[in-house]
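Report on one structure; see the data block that follows.
The values are calculated or read from the model by the stated rules, or taken from the named source; none is laboratory data. Remember, it's a predicted structure, so these values are computed and weren't measured experimentally. Quick reminder, even Gly has a Cβ in these numbers, built from the backbone with ideal geometry, and neighbours come from all protein chains shown.
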Amino acid sequence: MSMLTFPLTPRFLDALLELADVPWCRDAFDEEFRRRGWARPDAGGETAVGWLDHWPLGEPDHSWHVVLGEYPGCSNSDDPGVACDEPACHEDSFLAFPLAYAAIDCVEAGTGLPVDPRHLWGDPLPAWATHNADATQDDFLACYTDTERLLRARLGAPLPAAPPVPSDEPERQTSWQRGNRLVSLFLDGNEANYGQDDWIGIDIRPFH
């Protein structure tokens with residue numbers, strides 16, 4: 001099967017986990033993304049972060065990305081600098097960093113041949129990514145196991161139970177609490193590709 005992976009290192013994981021410490025408001029994330037070089041000018045020329053979408057971490061259409069949910073902040077305020085602790089304001093607000101995509105049993109319509117990875121993950125394939133055209137299910141699951149080991153080393157024992165992310169029924173999930181954030185490693189179907197592939201990622205969101 002075709003698999004696309006991000007080369008996660010302990011150092012990059014530490015930088016990723018720092019996002020769990022950012023105040024949950026637009027201004028704070030705009031500043032943090034600018035600091036990391038992940039923001040880019042909007043139509044008005046101001047650097048900003050586009051939520052509710054896949055957000056590139058470099059050159060659009062050529063770089064790896066993070067998946068962003070609803071805008072952070074308070075639903076009762078238009079002030080981008082306001083964060084609040086009301087669960088209703090954060091119900092669908094999250095960021096998810098993909099670690100691997102796998103096209104399991106996915107074939108091209110009409111030919112029955114394995115799907116062209118560029119049809120799923122972009123043409124050209126994202127920078128920073130490693131593509132394995134002959135990956136196995138064990139290769140894919142090893143990404144989950146290896147990342148769980150790194151997260152246990154950083155965050156300790158996981159929670160015995162946690163709200164499901166990023167969907168209502170992920171295939172696998174292991175979660176930790178970091179301050180007032182929920183940090184979750186997950187394996188799930190990729191709804192953005194209509195379930196044609198599966199993905200493994202790290203989800204960060206408010207924890208109530």
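A single entry from Ala39, Ala100, Ala83, Ala28 fulfils the requirement of being surrounded by 15 or more Cβ atoms within 10 Å (Cβ to Cβ), modelled with pLDDT of 90 or more and farther than 23 Å from Glu191 by Cβ: Ala28. The set of residues in the range 53-85 being β-branched (Val, Ile, Thr) and touching a Gly at 6+ places or on another chain (Cβ under 8 Å) consists of Val67, Val82. Can you pull out every residue in the range 127-151 that is modelled with pLDDT of 95 or more and small (Gly, Ala, Ser)? Passing the criteria: only Ala142. In the range 64-88, the residues that are within 30 Å of Ala127 (Cα to Cα) form Cβ pairs under 6 Å with partners that are of a type in the set (S, T, N, Q) and in a loop (DSSP other than H, G, I, E, B), at six or more places apart or across chains, as follows: Gly69/Ser93; Glu70/Ser93; Pro72/Ser93. Of all residues in the range 120-155, those being small (Gly, Ala, Ser) and farther than 23 Å from Asp105 by Cβ number 2. The set of residues in the range 142-187 that are in a strand (DSSP E or B) and either of a type outside the set (A, V, I, L, M) or more than 17 Å from the chain's Cα centre (by Cα) (or both) comprises Arg172, Gln173, Thr174, Ser175, Trp176, Gln177, Arg178, Arg181, Ser184, Phe186.
Find all pairs meeting these conditions: Cβ atoms under 7 angstrom apart; at least six residues apart or on different chains; first residue within the range 182-205 and free of Cβ contacts under 8 Å to residues at least 12 places away in the same chain and over 16 Å from Thr147 (Cβ atoms); second residue in a strand (DSSP E or B) and not hydrophobic (A, V, I, L, M, F, W, C). Short answer, once both residue conditions are applied: Gly195/Gly189. The set of residues from the range 1-38 being of a type in the set (Asp, Glu) and farther than 15 Å from Ile202 by Cβ comprises Asp27, Asp30, Glu31, Glu32. Of the residues in the range 11-25, at least one is at pLDDT 90 or above, surrounded by 15 or more Cβ atoms within 10 Å (Cβ to Cβ) and touching a His at 6+ places or on another chain (Cβ under 9 Å).
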